[in-house]
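Contents: one structure, followed by commentary.
The values are calculated or read from the model by the stated rules, or taken from the named source; none is laboratory data. It should be emphasised that the depicted structure is a prediction, and the values quoted were computed from it without experimental measurement. When we count neighbours, we look across all protein chains shown, and the Cβ atoms used for this are built from the backbone with ideal geometry, even at glycine.
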Amino acid sequence: MDGVGALDLILSGDRTLFAIVRLSLLVTLSATLLAAVVGMPLGATVALTRFPGRDAAIVMLNGLMGLPPVVVGLLVFLALSRSGPLGSPGILFTPTAMIIAQAVLIAPIIAALTRQLVEDLWAEYRDELTAMEVGPLARVKTLLWDARFSLVTIGLAGFGRAAAEVGAVMIVGGNIDGFTRVMTTTIALETSKGNLALAIGLGLVLITLIMAVNAIAWGVRQWAERHAG
């Protein structure tokens, strides 16, 4: 019966369910974009430059890929609380705080994967770019552009991680009904309350959205590669 109720909520366009879905997409897509803007250039820079402590930086980036979401949530909470260094704007328990928390969580994943990708490409194109006397910044731009299709996959990895996250957004968002409640936190809450129809409905929508975003990105990548060829 719960499954039937879940389908009924989806097919009837339940206002509560789709408001939660819209907020979830806004938070996750914004966080993924922010993390990509920071993480991809950072990863490429680490791949192409030599500096003291580089090996330690790589180990740290790789280690941060496994950051526990609740720890990220705690750190962002402390930073955004009234007594924290970033507390003056008062954005704790808002969607903005949730975007920041998810971006902090997935930026190391995007940076570490980008670093490995660009480093592999640099090994392939080092002689050519060196002979052309391409500067460090131009190298980053060139290799990121050359790797653009693979970077889409890296972005999707970040999106999937953010979309499935519960702990961090619950801590900094407060899971406020109608304001900061997203799909994952609502699934956890409604399951504990026994409201399985809404929980199942949101679970189905979440899985469908993740698959749809990946399918669209894959189709765009395939089209672009054929067009480029």
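Among the residues of segment 78-132, those that are aromatic (Phe, Trp, Tyr) and within 22 Å of Gly39 (Cβ to Cβ) comprise Trp122, Tyr125. Residues that are out of contact with any Leu (no Cβ under 7 Å at 6 or more places or on another chain) and within 24 Å of Met40 (Cβ to Cβ) were ranked within segment 89-99; the one that is surrounded by the fewest Cβ atoms within 10 Å (Cβ to Cβ) is Thr96. Looking only at residues that are more than 23 Å from Leu206 (Cα to Cα) and charged (D, E, K, R) in segment 141-163, which one is surrounded by the fewest Cβ atoms within 10 Å (Cβ to Cβ)? Per the criteria, the residue is Arg148. When Phe93 is tested against (1) farther than 20 Å from Thr180 by Cα; (2) under 20 Å from the mean Cα position of the chain (by Cα), just one condition goes unmet, and that condition is (1).
Looking at this structure, is Ala138 assigned to a helix (DSSP H, G or I) and buried (at least 16 other Cβ atoms within 10 Å of the Cβ)? The answer is no for Ala138. Only one entry in Leu25, Leu17, Leu80 is within 23 Å of Gly173 (Cα to Cα), under 16 Å from the mean Cα position of the chain (by Cα) and touching a residue at least 12 places away in the same chain (Cβ under 8 Å), namely Leu25. Among the conditions (1) assigned to a loop (DSSP other than H, G, I, E, B); (2) buried (at least 18 other Cβ atoms within 10 Å of the Cβ); (3) free of Cβ contacts under 8 Å to residues at least 60 places away in the same chain, the only one that Glu133 does not satisfy is (2). Looking at Thr208, Thr186, just one residue is surrounded by fewer than 17 Cβ atoms within 10 Å (Cβ to Cβ), modelled with pLDDT of 85 or more and part of a helix (DSSP H, G or I), and that residue is Thr208.
Condition check for Trp218 on (1) more than 18 Å from the chain's Cα centre (by Cα); (2) at pLDDT below 90: one failure, at (1).
Need at least 3 residues that are in contact with a Gly (Cβ under 9 Å, 6 or more places away or on another chain) and surrounded by 14 or more Cβ atoms within 10 Å (Cβ to Cβ) per element, so show me which helices (runs of 4 or more DSSP H) inside segment 1-88 make the cut, counting only ones lying wholly within it.
Result: 2-11, 15-48, 69-80.
Hey, among Gly219, Gly178, Gly201, which residue is assigned to a helix (DSSP H, G or I) and surrounded by fewer than 14 Cβ atoms within 10 Å (Cβ to Cβ)?
Gly219
The conditions of being in a helix (DSSP H, G or I), under 29 Å from Leu42 (Cβ atoms), aromatic (Phe, Trp, Tyr) and at pLDDT 85 or above are not met by Phe149.
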